[in-house]
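J.: Would you mind keeping the following structure in view while I ask a few things?
Bear in mind that the values in this text are calculations on the coordinates, not laboratory data. Predicted, not measured: the structure shown is a model, and the values here were computed from it. Positions of Cβ are generated from backbone atoms using ideal geometry, with glycine treated the same way; all protein chains shown enter the neighbour counts.
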Amino acid sequence: MTMVKELRGVLRLPLLQFLVLLLLIAILAGIACSQKQCVLDPDIWWHLRVGDWILQHHAVPHNGILSRTGSDRPWIAYSWGYEVLLAGAQAATGLVGVAVFGLVLVLAVAFTLFEALRRVSGRFWLSCGLATTGCYAFLFNIMPRPVFFSIILFTAVLALILKAERSGRAQPLYWLPVIFLLWANLHIQFVYGLFLVGLLVAANLLQRLATSAGIAQHRLAALQLPFSRLFFVFAACVVATCIGPYGPTLYKVIYGYAAASFTYRVIHELQPLDFRSLRHFVQLFLTAAAFYTLGSSKKMDLFRPLLLTAAGLVAFRTMRDSWFIVIPAVLCIAESLRCESADVEGRSFLRTAGLAVASGFVVLLLALNLDFNARGLTRTISGQYPVRAVEFIRSARLDGPLYNTLDWGGFLIWYLPEHPVAIDGRNDLYGDRLDFQFYQIQMGVSPHEADDILRGSRLVLLQREAPLASELNADPHFQLVYRDEIAVVFARR
Amino acid sequence: MSRVTKSARGQQEQPHGAAARTAHIAMLAAFFLVAGVLGELHLQSLTQTDVWWHLRTGLWVLQNHSVPHAGVFSQYPSLPWVDSNWGFDLMLADGFRWLGLAFFPLLAIAIRVLLAGAVFVLASGMRRFWTALLLAICAQLTFAFQQPQPAGCAACLFAILLAVLFQYRRSGNARLLLAVPLLFVLWASLDVTFVYGICVLLLFAAVGLVQERFRGGEQDGASRRGASTSWLAACCGSIVACMASPYHYHAWGAALHSMASGAYGYVGELHAIRFRQVQDYLLLLLVMCAFYLLGRRRSFISVALLAAALPVSLAIQRDRWVVVIVSVAVIADALANGRAKGNLNAPPGRMREALWAAAGVLAVLVGSGAYLLRDQDALLSRVAGQFPVRAADCLRSNHLPAPLFNEYQWGSFLTWYLPEFPVSIDSRVDLYGDETNLTYLAVMNGYISPDSDPSFARARTFLVRHGSSLEQAVLNQPWLRVVYRDEIATVAVRTE
């Protein structure tokens, strides 16, 4: 018994908790530095170039810039805020700035989740465990991109909602319009957060109706937050999302994404969980555990089950959205295991600043030892993208127009800006029809001779293993002018 | 006072009078009818891939009075092969001899109705009519069995097994466990998934033994003293019963081999659930509902069962029925435990009525189906809309030379329709092995030249899908001459 008490005392030591947090941050940073996903994402490059364009023109684009097939199509840079920040990081420190920006985003997501869990549960060790499990489930499914801002802000919004519900005061929710103003200018998935607030309002209304009708009164928890204030906050959030260079046009893009179908068949991150990786099972069991804990609570409210259900339906559809179920799930679990006596707000500024400084030092050490520098990053990029093929094109002064594949379009926008790309990862710009056309040609399903875009191209840059490359090899109209272990370049005869 | 109120509430849930009972039976009959017929309106069972090799194997078994041990009907006759579905194949072939192609849709209907009935009974049946009906409808919507296949039979047996095990846990009546080994004798002859049943039985037994040892947690029939002997007898009996087949212990070998197969990486039905259709989401909701109810009414065995079934079904869409049936059982058990137990002791005659309703519907469906589907030519023309019937006729009538190179999706059909040409590949992935299957897929996807596939290189006749990339590849070969082409298939022969 004494030993247990002593152990509890040790576990409460601030220094031990500080060191554990530092260790977790070091592990995350170590994984991020060694994988270097922040420079492997095919989309990050067009974000970077668009950011440059915005800084250069002091305006946001309204059509398909940097593309030869989409230049006359309407397009908006809905992540313009992120793109400007990324371009700023690159302007300041070059490629290392881009990588560090991604690394900071990874760590910020993890820390936000931990902090939200700590505030909801009041337990350090539980928060550590759940944050680690949650991060394991979703953090490395996707590469550091604007969606990371969505994850951070979603976590903050949900934590504020849970805090408001717990305290019975609507004041924490007054921050939401400000958050949404920021969010709508950083990433399109602000709509997930808006859904969250809308669901809170709807659940509150439904619960009021159920109570007044005398349905399941003994099971439903008492409502703390007034409906009128919630509705006011929701309306303010909607208005806030329309404040920005694009105004309400953002909602048109959301509709376009919702109606897309082809991308959900071929883009890897939009595929469902394949359950061949442990992290997918972790996501599954976190969801199940969250439902289990909701069921075990004496009183139920409608918001949490509805949120978990809706989030589950969305998140199991695509790997990219895993976070959308994992975060509510871990927060629900943490809430059900909440320690009422804990002081959850009492993290001093000094302690946070100390953690930040120590983390920065540890990350620096890791970066130095894991080749996380300009040379290492360039080597990593060269292993995945056609760096040498592009240098050949540039040195041989080959003429366009260029034909490229979807996977490399983003990179070519950044690395070969003198040749506008045929296609890239901006699915909202090209649409299902054009994406499908490119895919069919690349995979050799449709005859390439009949493709207008390929016919109008003088320069073709492809993955070496692409079925189209084999076809062009046998096509007398094209000549293979360059080949390495990654890419092949064809020029029209 | 409260006891009286509860009892009165329990009474209210029972329908009073003959009219209510008749309404329930009619509703149930309508459900069975819809469940049986809905998937078969366009005779989908005749357009599916796997059923044909089951038929061919069944005919072979009938002819040879033994089960195959090697790759019959394929170009790899020396490869070892265990037909884990020999009982099903035999049933299919026997029915085919009586009713011809009409037996396929009839068997599909029969399996669906039986499964609907088994799930309804598992979900407490007439004792909690509306809950059971709703759960059975949800389950039926998520199953998506499109052809008469062994997995449908396995699902029925799995539902019966769970019903028996849960009932034993409630009542402690050891005689119920006597039926379990018999169930496994049947199951092991129908499908390799009998392993799932054994795992579930072992799980129940382990939990029962632990509870008897510690006498804590749930106090139910299965944790009484002496239950351990019953559990051990049931487990040992069932494991031995699975060997009561012509393959003896090889049935276990085949089961383990299929689990270690690399086919999970490349066969569509062995991939994870894709969450692109409504029934996938319905399955997820059913499972989450089960976990939610478990939170209210804690039961270790239910949690363990659901936690074990969930990853299996989500990782392998072919086995989605496992978690659906487990969820139904868990929800029904949680609801049964959560309310007055008096309901569970409703007169057995009510359940008998449900079973009679299922049997009646089945008889009507099979009888009317047999009458309506007596035109064999019309059925074959339905098959010809999906499979290369005319191209195969061309091969046969022109005496084109073997060996044949065929599409994967057609291999099964060709084993039945064109038995004189052993197939280069078919859907028996366990027979061909990963190397052959992956080489074929690489050719199909255009990643390697067709000549790299030994079966393509040695073939003298080629039967490929019209409009496919493989057809393009075949047409590009100067040493191949197209001898037949229709809107489904292209036939080419080697001219060298």
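J.: Mind computing the radius of gyration and Dmax over the alpha-carbon atoms of chain A? Å is fine for both.
T.: 25.0, 85
J.: Please report the spacing between the Cα centers of the range A:345-382 and the range B:38-73 in Å, no decimals.
T.: When both Cα centres are located, 62 Å separates them.
J.: How large is the helix-only mean residue ellipticity at 222 nm for chain B, computed as the sum of -39500 (n - 2.57) over DSSP H runs with n ≥ 4, divided by its residue count, in deg cm²/dmol to the nearest 500?
T.: -20500 deg cm²/dmol
J.: Moving on to the next point. Along each of the three principal axes of the Cα atoms of the protein assembly as shown, give the extent in whole Å, ordering the values from largest to smallest.
T.: Taking the Cα atoms of the protein assembly as shown, the three principal extents are 92, 80, 54 Å.
J.: What ³J(HN,Hα) values, in whole Hz, does the Karplus curve 6.51 cos²θ - 1.76 cosθ + 1.60 give for the range A:169-179 when θ = phi - 60°, with x put for Gly and Pro?
T.: 10, 8, 3, x, 6, 5, 6, 4, x, 5, 4
J.: Related question: Can you tell me the length gained on complete extension of the stretch A:Val239 to A:Ala92, counting 0.36 nm per residue apart and subtracting the Cα distance?
T.: Numbers: separation 147, 0.36 × 147 = 52.92 nm, distance 3.43 nm.
Gain on stretching A:Val239 to A:Ala92: 49.5 nm.
J.: Can you tell me, using C-alpha contacts under 8 Å and at least 6 residues apart, the relative contact order of chain A as a whole percent? Don't skip to the end; give the middle numbers.
T.: On the way: 675 pairs, mean separation 94.9, N = 493.
Averaging sequence separation for qualifying contacts and normalising by length gives 19 percent for chain A.
J.: A further question follows. For chain B, give the share of DSSP beta bridges that are antiparallel, in percent and rounded to the nearest 5; count only bridges with both residues there. Don't skip to the end; give the middle numbers.
T.: Working: 11 of 15 bridges.
Rounded to the nearest five, the antiparallel share is 75 percent.
J.: What is the mean number of Cβ atoms from other protein chains located within 10 Å of the Cβ atom of each residue in peptide B:295-305, rounded to a whole number? Mind showing how you got there, number by number?
T.: Details: counts 11, 8, 2, 3, 0, 0, 0, 0, 2, 0, 0.
Taking the mean over all residues of the peptide, I get 2.
J.: Something else: Ignoring everything except DSSP H segments at least 4 long, calculate the 222 nm mean residue ellipticity for chain A; use -39,500 (n - 2.57) per segment, divide by total residues, nearest 500.
T.: -20000 deg cm²/dmol
J.: Sort out the exposed loop trypsin sites (Lys or Arg not before Pro) in chain B (DSSP loop, at most 10 other Cβ within 10 Å) and tell me the longest stretch that has none.
T.: Values: sites that count: B:Arg215, B:Arg225.
It runs B:226-496.
J.: Could you rank the peptides A:173-186, A:145-158, B:354-367 by their average count of other C-beta atoms within 10 Å per residue, with the highest value first?
T.: Values: A:173-186: 20.6, A:145-158: 22.9, B:354-367: 17.6.
Ranked by mean Cβ neighbours within 10 Å, highest first: A:145-158, A:173-186, B:354-367.
J.: Take the alpha carbon atoms of the range A:286-302, find their center, do the same for the range A:218-282, and report the distance between the two centers in whole angstrom.
T.: 22 Å
J.: What distance in nm lies between label points placed 7 Å from Cα along the C-beta direction at A:Leu19 and B:Glu487?
T.: Placing both labels 7 Å beyond Cα along the Cβ direction yields 7.6 nm.
J.: Would you mind checking which residues have amide H under 5 Å from B:Ala70's amide H? H placed 1.01 Å from N; only 5 or more apart, or other chain.
T.: Close amide H contacts, sequence-distant or interchain: B:Trp81.
J.: Let me ask you something else. How high is the FRET efficiency between B:Cys236 and B:Val34 when r is their beta carbon distance and R₀ equals 41 Å, given to the nearest 0.05? Don't skip to the answer; put the middle values down first.
T.: On the way: r = 42 Å, r/R0 = 1.02.
Computed FRET efficiency for B:Cys236 and B:Val34: 0.45.
J.: Check each of the chymotrypsin sites (Phe, Trp or Tyr not before Pro) in the range B:127-215 and keep only those in coil by DSSP with at most 12 other C-beta atoms within 10 angstrom; list them in order.
T.: Working: sites: B:Phe129, B:Trp130, B:Phe143, B:Phe145, B:Phe158, B:Phe166, B:Tyr168, B:Phe184, B:Trp187, B:Phe194, B:Tyr196, B:Phe204, B:Phe214; in loops: B:Phe145.
Passing both the DSSP loop test and the Cβ count: no residue.
J.: Nearest 5 is fine: what % of DSSP beta bridges in chain A come out antiparallel, could you say? List each step's numbers first, then the result.
T.: On the way: 11 of 16 bridges.
Bridges in chain A are about 70 percent antiparallel.
J.: Just tell me which aspartates and glutamates come within less than 14 Å, Cα to Cα, of A:Lys252; anything on the same chain fewer than 8 places away is out.
T.: Once the sequence-local aspartates and glutamates are set aside, what remains near A:Lys252 is A:Asp428.
J.: Could you calculate the contour length gain from A:Thr211 to A:Lys252, that is, 0.36 nm times the residue separation minus the distance between their Cα atoms, to one decimal place in nm?
T.: Values: separation 41, 0.36 × 41 = 14.76 nm, distance 3.75 nm.
Between A:Thr211 and A:Lys252, full extension yields an extra 11.0 nm.
J.: Determine the distance separating the Cα centre of the range A:83-140 from the Cα centre of the range B:148-199; give it in Å without decimals.
T.: So the two Cα centres are separated by 49 Å.
J.: Computed on alpha carbon atoms, what radius of gyration and Dmax characterise the range B:2-367, expressed in Å?
T.: Cα radius of gyration and Dmax of the range B:2-367 are 20.9, 74 Å respectively.
J.: A follow-up question, please. For the pair B:Leu182/A:Leu278, report the inter-label distance in nm, with labels modelled 7 Å from Cα in the Cβ direction.
T.: The two pseudo-label positions are separated by 4.6 nm.
J.: In the range B:387-494, how does Rg compare with the Kirkwood Rh, expressed as the Rg/Rh ratio over alpha carbon atoms? Intermediate results must be reported in sequence, preceding the final value.
T.: Working: Rg = 12.6 Å, Rh = 13.7 Å.
On the Cα set of the range B:387-494, Rg over Rh gives 0.92.
J.: Taking 7 Å along the Cα-to-C-beta vector as the label spot, tell me the A:Ser395-A:Met3 distance in nanometres, rounded to one decimal.
T.: 6.9 nm
J.: Under 15 Å Cα to Cα from A:Lys298, which aspartates and glutamates show up? Leave out anything in the same chain fewer than 8 places away.
T.: Counting by Cα, and skipping residues close in sequence, A:Lys298 has these aspartates and glutamates nearby: A:Glu335.
J.: Mind checking which aspartates and glutamates have their C-alpha under 20 Å from A:Lys36, skipping anything on the same chain fewer than 8 residues away?
T.: Excluding near neighbours in sequence, the set is A:Glu83, A:Glu269, A:Asp371, A:Asp407.
J.: A:Phe478's amide H: which non-local residues (gap 5+, or another chain) put their own amide H closer than 5 Å, with H modeled 1.01 Å from N in plane and none for Pro or chain starts?
T.: A:Arg493
J.: Hey, another quick one. For peptide A:281-293, how many partner chain Cβ atoms fall within 10 Å of a residue's Cβ, on average? List each step's numbers first, then the result.
T.: On the way: counts 4, 0, 0, 7, 4, 0, 5, 10, 3, 4, 9, 12, 3.
Counting other chains' Cβ atoms within 10 Å and averaging over A:281-293 gives 5.
J.: On to the next question. Pull up the DSSP beta bridges for the range B:387-494 and report the antiparallel fraction as a percent, rounded to 5. Before the final figure, lay out the partial values.
T.: On the way: 10 of 13 bridges.
In the range B:387-494, approximately 75 percent of DSSP beta bridges are antiparallel ones.
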